[in-house]
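Working notes, beginning with the structure itself.
Each value in this text was obtained by applying a stated rule to the coordinates, not by laboratory testing. Remember, it's a predicted structure, so these values are computed and weren't measured experimentally. Here the Cβ positions follow ideal geometry from the backbone for every residue, glycine too, while neighbour counts run over all protein chains shown.
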Amino acid sequence: MTEHVSTHQAEEDSRNAQILIWVNGALKPRAEAVVSVYDSGFMLGDGVWEGIRLYNGRWTFLDEHMDRLFEAAKAIDLDIGLTRDQVISAVFETQKANAMVTDAHARLMVTRGVKTRPFQHPALSQQGPTMVIIMEHSRPKIPRPITLATVPHLRGLPMTQDPKLNSHSKLNCILACIAAQKAGADEALMLDVHGFVNTTNACNFFIVRKGQVWTSTGDYCMNGITRQKVIDLCRANGIPVFERNFSLVDTYGADEAFLTGTFGAQTPVGVIDGRVIGSGQMGPVTERLRGLYKALVGG
């Protein structure tokens, strides 16, 4: 069986053994960067996070990522305890401490903090939030197009857990990924509650049909920043793009398919449910969008 590939697969980098991690205002060596077993994030997945990438000295789309982080925190009634500028300063402080210039990835995590007793109620988190920034040297290394398998796990309704919320509670997506890997694929293609193609367990999903780019309506998927940039690039460069409902039948007959995300930017998809998509390799529209995106981020 072909070895599984991940959309977050990166080159090995020995420098990551010596990184400093920002934990509640202190920079700590990797082995000492720990949080309490009573922390709400560890105990309950009660928190929100963002992933950001450093390209040529610039944190890409930092304003949009900060908007999403603070909106998510407000949505779950979590006071981050820092201003937007203070969070950005913490990112820059961590970057400087690790002497990072390009090809780095940061994961910002904020939880409701340490609980007084090991139970669910948010009022038991009385010590203020926990905030961590893990910053690694990270260059994507995805050796071939990704393979996907459709799974029974759905991207749910907003009244269960809104898929737009970048929360620590990722179990639904993890179970989807496990199901896909048990089926021999790299990652999962997830449908929405109406049976339309929606997203993967980790990335937003696009197809190309007859020169047109299609992605889901956005009602049930992560409000991906890279997703929106690809839509904007299509509109600015005369590439027809549609946010619409489409089915697996439409998907299997697509000329190209690709994923979008902060880490991998645009990742080609070669096979879905055993059907080869187009040539099975990166298609011309995906390649063009990759070039446009690289120019946009100053790469």
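Expressed in nm to one decimal, what extension gain is obtained for the pair Lys170 and Arg15 from 0.36 nm per residue of sequence separation less their Cα-Cα distance? Walk me through the intermediate numbers first.
Details: separation 155, 0.36 × 155 = 55.80 nm, distance 2.83 nm.
Between Lys170 and Arg15, full extension yields 53.0 nm more.
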**Report entry** Mean separation of Cα contacts under 8 Å, 6 or more apart, over the residue count of the range 146-296: relative contact order %
**Finding:** 23 percent
Report task. May I ask you to order 109-121, 74-86 by the average number of other C-beta atoms within 10 Å around their residues, highest value first? Result -> 109-121, 74-86
**Report entry** Dipole axis of the range 146-296 (+1 Lys, Arg; -1 Asp, Glu on Cβ), positive-most option in Ala236, Leu175, Gln281
**Finding:** Ala236
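Using Cβ contacts closer than 10 Å as the measure, can you line up Val230, Val35 from fewest to most?
On the way: Val230 27, Val35 18.
In increasing order of surrounding Cβ atoms, one gets Val35, Val230.
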Requested in this report: Counting helices only, and only those DSSP H runs with n ≥ 4, report the 222 nm mean residue ellipticity of the chain as the sum of -39,500 (n - 2.57) divided by its residues, in deg cm²/dmol to the nearest 500.
Outcome: -7500 deg cm²/dmol
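Calculate, in whole percent, how much of the Cα-Cα pair population of the range 14-137 lies beyond 16 Å.
Numbers: 4600 of 7626 pairs.
It works out to 60 percent of all Cα pairs.
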Report task. Choose one of Thr111, Val87, Pro29: the residue whose Cα lies farthest towards the positive end of the charge dipole of the range 14-137 (beta-carbon charges +1 Lys, Arg; -1 Asp, Glu; about the Cα centre). Result -> Pro29
Query - Environment charge of Thr7, counting only residues whose C-beta is closer than 9 Å and scoring Lys/Arg +1, Asp/Glu -1 - result: -2
Report task. Run through every distinct alpha carbon pair of the chain and return the Kirkwood hydrodynamic radius in angstroms, one decimal place. Result -> 20.1 Å
Query raised in the report: In debye to the nearest 20, how big a dipole does the range 14-137 give about its Cα centre with +1 on each Lys and Arg Cβ and -1 on each Asp and Glu Cβ?
Result: 320 debye
Report summary line: Amide H neighbours of Gly47 at under 5 Å, excluding residues fewer than 5 places away on the same chain, with H built from the backbone geometry, are His168, Ser169
Report summary line: Taking Cα atoms, the helix 225-236 axis meets the longest principal axis of the chain at an angle in degrees (rounded to 10) of 40 degrees
Requested in this report: Could you calculate the FRET efficiency of Ile76 with Gln281 from 1/(1 + (r/R0)^6), where r is the beta carbon distance between them and R0 is 41 Å, rounded to 0.05?
Outcome: 0.50
Query raised in the report: What dipole magnitude, in Debye to the nearest 20, does the chain give about its Cα centre under +1 on Lys/Arg Cβ and -1 on Asp/Glu Cβ?
Result: 200 debye
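Quick one: which of Lys28/Lys141; Lys74/Lys170; Lys28/Lys164 span more than 23 angstrom between C-alpha atoms?
On the way: Lys28/Lys141 28 Å; Lys74/Lys170 19 Å; Lys28/Lys164 31 Å.
Going by Cα-Cα distance, Lys28/Lys141; Lys28/Lys164 fall outside the 23 Å limit.
Semi-axes of the equivalent ellipsoid for the range 149-299, please: Cα gyration tensor eigenvalues, times 5, square-rooted, ordered largest first, whole Å.
On the way: eigenvalues 105, 63, 41 Å².
Semi-axis lengths for the range 149-299 are 23, 18, 14 Å.
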**Report entry** Environment charge of Gly211, counting only residues whose C-beta is closer than 11 Å and scoring Lys/Arg +1, Asp/Glu -1
**Finding:** +1
